[in-house]
Amino acid sequence: MNAAVLAGPRAFRVETVRDPAVGPGEALVRVEAAGICGTDYRIWTGERRVGYPLIPGHEFVGEIVAVGPGVTRIAPGDRVAVEPNWGCGTCDLCRDGLRNLCLARTAVGIDRDGGFAELAVLPERACWPAPAALASDVLLFAEPLAVVARAVGRADPRPGESAAVVGAGTLGLLAVQLLRERGCRVLAVGRTDRRLGLARELGAEATVAGAGEEVTTAARRLSGRDGVDLVIETAGTAEAVELALGQVGFIRPGGRAVLTGLPHDPARVEFFWVVRREIDIRGSMIYREEFGEAVRLLAEERIHVGPLLTHRFPLSAIDAAMAAHRDPASIKVAVFPGSAGR
Ligand SMILES: [Zn+2]
Ligand SMILES: [Zn+2]
């Protein structure tokens, strides 16, 4: 098969490698589309350490072409979205049902070969069947939507509440829609007017660019009180965390903040106001039981992802795809291993 093999930092080789073998309980997936996110970018640059050589890619969908002995739930011909993380199943955290927090978690495209290839082998439980008619361009968003479904669930939104979403990238634009689905009124906070325009098209009632007083003014205006009921932080930068937690009057006293972007740098937050206002801060790590819900939301067309897929590349252009991920004009970039141009 053809694969994008990472041999070291910024060193992809698109080459022919041996097809992966399917073992008991496993399925072979022909990859139709694989999205790129910040984690893939950090793997590419070498900031995130992995063992080389590695085929990265964890946000992918495709068709089952073969199954190993003992596989009963899926069959060749099924279209699937891949849940690319699973717990060890035996540690205290896994036994307590906290499998997304497992320290011995397996992450596809990080700990083992992933979806930047024509074929990938996965355990049966990682494959979520989807309707045959659902386009891979849409199903591709199952993984980020599962992240968002958990974050929104952690925020415990109630109909009629006001919510703010920090960050207007893929996760933020999905969060805006899911909060709307849950009956919230949503303020989107971002940096560029183009993305905020998209947030409005996708259901945000209000948007604001920047930081500081504009943001708290917008939060007070939308909520009609001293800040919104809940905030979901999706950008994963120190500035975004500082904005989400550090602005007095952004979250109302007694409100909730869910952080789902992974901030790699320390943030400076005045915790005086977190205590004084009893702000409830909740982390949200990938997904636990939300993957099926994400596939269902997409299949039922309750979430719109068309405008979010901005760039498509064949596998041979993986370097260009990585560069496009950093282009401010891009939202979701994906490679299509089955397409021409190898
Ligand atoms: Zn990702
Ligand atoms: Zn475990």
Enumeration of residues in the stretch 200-227 that are under 15 Å from residue 162 (Cβ atoms), within 24 Å of the chain's Cα centre (by Cα) and aliphatic (A, V, I, L, M): 204, 206, 208
Subset of the stretch 269-300 (residues that are of a type in the set (Asp, Glu), modelled with pLDDT of 95 or more and open to solvent by 40 Å² or more (accessible area, probe 1.4 Å)): 278, 280, 289, 293, 300
Filtered residue count, the stretch 78-101, keeping only those that are more than 28 Å from residue 140 (Cβ to Cβ) and open to solvent by 50 Å² or more (accessible area, probe 1.4 Å): 5
Subset of the stretch 3-14 that is open to solvent by less than 60 Å² (accessible area, probe 1.4 Å) and touching a strand residue (DSSP E or B) at 6+ places or on another chain (Cβ under 6 Å) - its residue that is nearest to residue 71 (Cα to Cα): 3
Among the candidates 34, 75, 104, residue that is buried (at least 17 other Cβ atoms within 10 Å of the Cβ) and among the aliphatic types (A, V, I, L, M): 34
Unmet requirement for residue 31, which otherwise passes all of (1) of a type in the set (A, V, I, L, M); (2) in contact (Cβ under 8 Å) with a residue 60 or more places away in the chain; (3) within 16 Å of ligand 2 (Cβ to nearest atom): (3)
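Give the residues of the stretch 64-93 that are part of a strand (DSSP E or B) and over 15 Å from residue 20 (Cβ atoms), sorted by residue number.
Passing the criteria: 79, 80, 81, 85, 86.
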Selection count, the stretch 179-201, where residues are open to solvent by less than 30 Å² (accessible area, probe 1.4 Å) and under 16 Å from residue 310 (Cα atoms): 4
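Can you pull out every residue in the stretch 7-27 that is assigned to a strand (DSSP E or B), closer than 19 Å to residue 51 by Cα, out of contact with any Lys or Arg (no Cβ under 8 Å at 6 or more places or on another chain) and touching a residue at least 60 places away in the same chain (Cβ under 8 Å)? Step through it out loud before you land on a result.
Narrowing the stretch 7-27 to residues assigned to a strand (DSSP E or B): 12-16, 26-27.
Filter again for closer than 19 Å to residue 51 by Cα, leaving 12-15.
Next, from what is left, pick out any that are out of contact with any Lys or Arg (no Cβ under 8 Å at 6 or more places or on another chain): 12-13, 15.
Once the filter is applied, which keeps residues that are assigned to a strand (DSSP E or B), closer than 19 Å to residue 51 by Cα, out of contact with any Lys or Arg (no Cβ under 8 Å at 6 or more places or on another chain) and touching a residue at least 60 places away in the same chain (Cβ under 8 Å), the stretch 7-27 yields only 12.
Does the stretch 298-314 hold any residues that are more than 15 Å from residue 135 (Cβ to Cβ) and in contact (Cβ under 8 Å) with a residue 40 or more places away in the chain, and which are they? Spell out the reasoning first.
Of the residues in the stretch 298-314, the ones more than 15 Å from residue 135 (Cβ to Cβ) are 302, 310-311, 313-314.
Hit for the stretch 298-314 is 302, nothing else.
Output the residue which, of all residues in the stretch 28-48 that are more than 9 Å from ligand 1 (Cβ to nearest atom) and assigned to a helix (DSSP H, G or I), is farthest from residue 86 (Cα to Cα). Quick ask: steps written out before the conclusion?
Going residue by residue through the stretch 28-48, those that are more than 9 Å from ligand 1 (Cβ to nearest atom) are 28-34, 41-48.
Checking the rest, the ones that are also assigned to a helix (DSSP H, G or I) come to 41-45.
Values: 41: 21, 42: 21, 43: 19, 44: 22, 45: 25 Å.
The qualifying residue farthest from residue 86 (Cα to Cα) is 45.
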Pairs with Cβ under 6 Å, 6+ apart, first in the stretch 49-68 and within 16 Å of ligand 1 (Cβ to nearest atom), second of a type in the set (D, E, K, R) and in a strand (DSSP E or B): 61/32
Strands (runs of 3 or more DSSP E) (entirely within the stretch 238-342) containing at least 3 residues that are within 19 Å of the chain's Cα centre (by Cα): 251-259, 309-314, 332-336
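Return the only residue of 77, 57, 87, 70 being within 29 Å of residue 169 (Cβ to Cβ) and more than 16 Å from ligand 2 (Cβ to nearest atom).
On the way: 77 fails: within 29 Å of residue 169 (Cβ to Cβ); 87 fails: more than 16 Å from ligand 2 (Cβ to nearest atom); 70 fails: within 29 Å of residue 169 (Cβ to Cβ).
Exactly one residue qualifies, and that residue is 57.
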When residues of the stretch 94-115 are limited to those that are away from ligand 1 (no atom under 16 Å from the Cβ) and not in a loop (DSSP other than H, G, I, E, B), the one farthest from residue 144 (Cα to Cα): 95
Among the residues listed as 51, 23, the single one being under 16 Å from residue 109 (Cα atoms) and loosely packed, with under 15 Cβ neighbours inside 10 Å: 51
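The values are calculated or read from the model by the stated rules, or taken from the named source; none is laboratory data. Remember, predicted model here, so these are calculated numbers, not experimental data. No Cβ is skipped: glycine too gets one built from the backbone with ideal geometry, and neighbour counts run over all protein chains shown. The accessibility values were calculated without ligands, DNA or RNA, using every heavy atom of the protein model including side chains. Shrake-Rupley method; radii C 1.70, N 1.55, O 1.52, S 1.80 Å.
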